[in-house]
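Novice: The structure under discussion is supplied below as structure tokens; questions concerning it will follow.
The values are calculated or read from the model by the stated rules, or taken from the named source; none is laboratory data. Computed from a predicted structure; not experimentally measured. Cβ placement follows ideal geometry from the backbone for every residue including glycine, while neighbour counts extend to all protein chains displayed.
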Amino acid sequence: MPNESNKNTINEFLLTLSAVDKKLLAQVNFPAETNKFVTVGAAVLVTSSTATLSFGYAVFSVSASLIAAVPLGALWGAGVIFTIDRLFLTTTHKKKTIKGRERITQFVSPLMRIGLASCIGVLTSIPIELGIFRLEIFAIAQDEQKIELRQEISRLNEENKKLSQQLKTLNIEQTKDLASVIPERKARAASYEVQKVTLQALVKTNSDSISQKQNQMNNLKIEHLGLLKQMMILEELMNKNPQIRQNIYWLKAMLITLEILPIIAKMSSPYGIYDAKLENNEQTSIHFQQETLKFNQIQIERNFQREQKFQEIVSQKVHTEVVVATLQNLKVVIRDLENSPEFTARQAKLTSAIADRIATSIENTINDTPTPPASPETSPTVLQPSFEISPVTEISKTVGW
């Protein structure tokens with residue numbers, strides 16, 4: 001049915017404005033929850049529309065151009081205010097159980113949002129107040145401008161009177177000088193003409209200005225006023241008429257309430273199925289993230305230990321290979337040294353020197369030992385040679401090492 005389709009489209013649009021999770025709301029499938037967030041979306045729409053009209057009128061009051069007022073008003077209302085309202089709604093959640101510092105946060109956070117929304121409401125209310133009292137403001141501005149024109153006309157009339165009096169005085173002086181028989185006075189009478197022409201030109205200029213200002217006053221119609229001038233006139237109206245001040249305060253309170261309405265609507269609504277499911281999803285997500293973080297930390301520690309152990313194994317292997325390579329190189333050097341003719345010659349020389357020393361020691365020992373008398377009853381004694389071998393260092397010096 002067309003009506004049902006249009007209703008669903010409007011509901012979808014309002015749900016989008018309310019910053020609700022549509023997929024989660026569809027899982028809940030509870031009409032009361034859907035209606036609650038449709039109402040919140042409608043409040044956001046009204047707030048954004050009011051801000052758009054307010055700022056658009058403020059721009060039009062200053063620039064007198066619809067081309068500038070329409071896009072700037074839409075940017076302020078549908079852009080800035082709408083985004084701020086959605087931010088408030090997105091970051092405001094109801095919880096069933098509040099623990100510890102969450103109680104302070106749950107209490108302070110909405111107050112901060114309401115305070116900011118109130119400031120936006122005051123800012124939004126000013127152009128609307130000026131629009132409501134537009135006729136009175138422009139009437140007062142027109143009267144003030146007429147008063148200024150009358151004062152200017154009065155000043156010019158006074159100046160013309162003084163100029164006319166000076167002309168009369170010059171005419172009298174000129175008549176007297178012309179009637180005089182004194183030549184100097186007759187000559188001075190001629191100079192009066194120049195002064196009279198100057199004064200007559202000033203009178204004419206002032207008269208033209210008076211006529212122009214009179215026509216301007218008669219045809220005066222103010223179409224545009226600056227925003228600051230309108231605010232000053234409205235303040236004068238409030239000072240002159242306390243009833244107007246009271247009405248403006250009520251209007252301001254209504255617009256502030258309208259601005260904070262989405263937050264109040266969401267905070268004052270009871271804890272529902274959607275809130276419970278949303279809180280459960282948030283806790284599950286937080287728990288999953290914490291577990292993931294712990295798992296990643298454990299993996300990082302394990303990887304670090306594994307890397308450290310691998311480095312130790314590599315170091316030991318490298319050390320072993322270096323030692324083996326060194327020993328192999330040493331064996332090669334020793335083998336090459338043993339096969340060299342010089343080493344063989346020195347080894348033979350050393351062996352000969354050692355043999356000579358041993359023989360000499362044996363001879364010296366035999367010569368120093370006395371021969372005992374022979375006895376037939378005793379068996380011949382076997383002489384045990386006692387000799388001392390020189391240190392290797394001396395042998396080395398002997399062979400030239």
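Novice: Against the definition (surrounded by 11 or more Cβ atoms within 10 Å (Cβ to Cβ) and among the polar types (S, T, N, Q)), how does Asn239 come out, yes or no?
Specialist: Against the criterion (surrounded by 11 or more Cβ atoms within 10 Å (Cβ to Cβ) and among the polar types (S, T, N, Q)), Asn239 does not qualify.
Novice: In addition: Working carefully through the options Ser65, Ser54, Ser61, Ser18, find the one that is over 29 Å from the mean Cα position of the chain (by Cα), of a type in the set (S, T, N, Q) and surrounded by 14 or more Cβ atoms within 10 Å (Cβ to Cβ).
Specialist: Ser61
Novice: Right, next: All but one of (1) at pLDDT 75 or above; (2) surrounded by fewer than 18 Cβ atoms within 10 Å (Cβ to Cβ) hold for Phe107, so report the exception by its number.
Specialist: Answer for Phe107: the failing condition is (1).
Novice: Filter region 210-236 down to residues that are at pLDDT below 85 and of a type in the set (Val, Ile, Thr) and give me whichever is surrounded by the most Cβ atoms within 10 Å (Cβ to Cβ).
Specialist: Filtering region 210-236 for residues that are at pLDDT below 85 and of a type in the set (Val, Ile, Thr), the one surrounded by the most Cβ atoms within 10 Å (Cβ to Cβ) comes out as Ile210.
Novice: Let me ask another. Can you pull out the residues in region 39-81 that are touching a residue at least 40 places away in the same chain (Cβ under 8 Å) and over 20 Å from Leu130 (Cβ atoms)?
Specialist: Residues satisfying the conditions are Thr39, Val40, Ala43, Val44, Val46.
Novice: Do we have any residue at all in region 276-289 that's hydrophobic (A, V, I, L, M, F, W, C), assigned by TED's automatic domain parsing to the domain that holds Ser125 and exposed (fewer than 14 other Cβ atoms within 10 Å of the Cβ)?
Specialist: No: zero hits.
Novice: Tell me the residue from Leu227, Leu258 that is on the phi < 0 side of the Ramachandran plot, assigned by TED's automatic domain parsing to the domain that holds Phe60 and not hydroxyl-bearing (Ser, Thr, Tyr), please.
Specialist: That would be Leu258, the only listed residue that is on the phi < 0 side of the Ramachandran plot, assigned by TED's automatic domain parsing to the domain that holds Phe60 and not hydroxyl-bearing (Ser, Thr, Tyr).
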